[in-house]
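A.B. asks: Let me give you the structure first, and then I'll get to my questions.
What follows is calculated from the coordinates using simple rules that are stated; it is not laboratory data. Given the structure is predicted, the values throughout are model-derived calculations rather than measurements. Glycine also receives a Cβ, built like all others from the backbone with ideal geometry; neighbour counts cover every protein chain displayed.
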């Protein structure tokens, strides 16, 4: 069986590295998902086109091949990445592309009348997005993002092949040293399962909060309703004064 | 560094070998995933607890753990207990098994989408269970499941290079070996482009299918 020394020098840090890779690539992926997801609905065709190209390339690409390419081929073009960052960027670029479809789809599912109302109130594009569309699309996004996060966690195992010492890497190292394959890989699978379970649990809390935000009383929701009524009063005042002339 | 077309040219014969292996893994893996997935989906609906429960637990476990580690498990652990298999065979079984848990979910959704009245009609007509499935439920479920199943075939294509890590010579395996021998990087770039060239028309095809079948 596993020596305790090995466990503390390789396995525990490996678990921490897996968590780090997951967090970093999730952060990068989220930025890309929102950026590309919004850009694919842009008013400017060139922005839409470029975002579409990004989406098709990175959705069609294999994450492992991309990772290999960033690790082995990029240095020859004069850009050397630390293994960890090669892995994180490959995962972030890939899962960001998947995530952009979630963002785009959820925003598209917001009722058109809601957007029209925003236009009628003379909201800017940014205000409409922030005050009307996002709050309604967000609860729809959480469950698919949960799935994607679990996929991402599983994807982090790939970084072991470009020598990042995550928990899969530690497992492979231990296999070379001991040949005790059964306990090693069983433990690995269980560890990944536990991490995936924790993510799902955490996301369920986020989901509950997101759903609660929609059903709240108007007076408690400082954001959208207050802004909308303020806008409405201002509009009324302006039209009223126009009528009085 | 300069791009050298000569290297690409040298890599080409092995690239096509790799493409064949990738497509082979994809084809057989898909068959396994489609067939096993249906088995899981039907077993999950079983009225027998001792059938339903273990299948749900098993598929959940497979779905929530990395394919890469599963491949290592199949390749290094299974020979201790049973037959020792070639990297390609192991890879195909791993891909098929992993994706069968996803297709099971697709079938489940497709079967749930069949209106309850159809089940009741089959019961009213006193159809045996086998015929209810074959003649009533599955034909209606099938049009709902084709597009998502197609998506998983593309996903499987993108995950297939993982079999290179246990020593199978698919596209990535060939590229890796070639790059190590020649100290070049063109091969891996070629493979990367190849994935997009295969995956993009495939996803267009699935979108077209989706428009046709799901209304």
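A.B. asks: I need the full set of residues from region A:123-145 which are surrounded by fewer than 18 Cβ atoms within 10 Å (Cβ to Cβ) and either part of a loop (DSSP other than H, G, I, E, B) or within 13 Å of another protein chain (Cβ to nearest Cβ) (or both), in order please.
C.D. replies: Selection gives A:124 alone.
A.B. asks: Further question: Taking residue B:200, is it within 14 Å of another protein chain (Cβ to nearest Cβ), free of Cβ contacts under 8 Å to residues at least 12 places away in the same chain and farther than 20 Å from residue A:70 by Cα?
C.D. replies: yes
A.B. asks: Taking the options A:33, A:108, A:86, A:27, name whichever one is touching a residue at least 24 places away in the same chain (Cβ under 8 Å) and within 14 Å of residue A:159 (Cβ to Cβ).
C.D. replies: A:86
A.B. asks: What are the residue pairs meeting all of these: first residue in region A:183-196, first residue more than 14 Å from residue A:22 (Cβ to Cβ), second residue surrounded by fewer than 13 Cβ atoms within 10 Å (Cβ to Cβ), Cβ atoms under 7 Å, and 6 or more apart or on different chains?
C.D. replies: So the pair list comes out as A:183/A:1.
A.B. asks: Can you find a residue that is surrounded by fewer than 16 Cβ atoms within 10 Å (Cβ to Cβ), part of a helix (DSSP H, G or I) and free of Cβ contacts under 8 Å to residues at least 40 places away in the same chain anywhere in region A:58-73?
C.D. replies: No; the residues of region A:58-73 include none that is surrounded by fewer than 16 Cβ atoms within 10 Å (Cβ to Cβ), part of a helix (DSSP H, G or I) and free of Cβ contacts under 8 Å to residues at least 40 places away in the same chain.
A.B. asks: Report the residue count in region A:173-192 for those that are facing another protein chain (nearest Cβ under 8 Å) and either buried (at least 19 other Cβ atoms within 10 Å of the Cβ) or assigned to a loop (DSSP other than H, G, I, E, B) (or both).
C.D. replies: Here the count works out to 5.
A.B. asks: Conditions: (1) touching a helix residue (DSSP H, G or I) at 6+ places or on another chain (Cβ under 9 Å); (2) within 14 Å of another protein chain (Cβ to nearest Cβ); (3) in a helix (DSSP H, G or I); (4) free of Cβ contacts under 8 Å to residues at least 60 places away in the same chain. Residue A:48 meets all but one. Number of the miss?
C.D. replies: (2)
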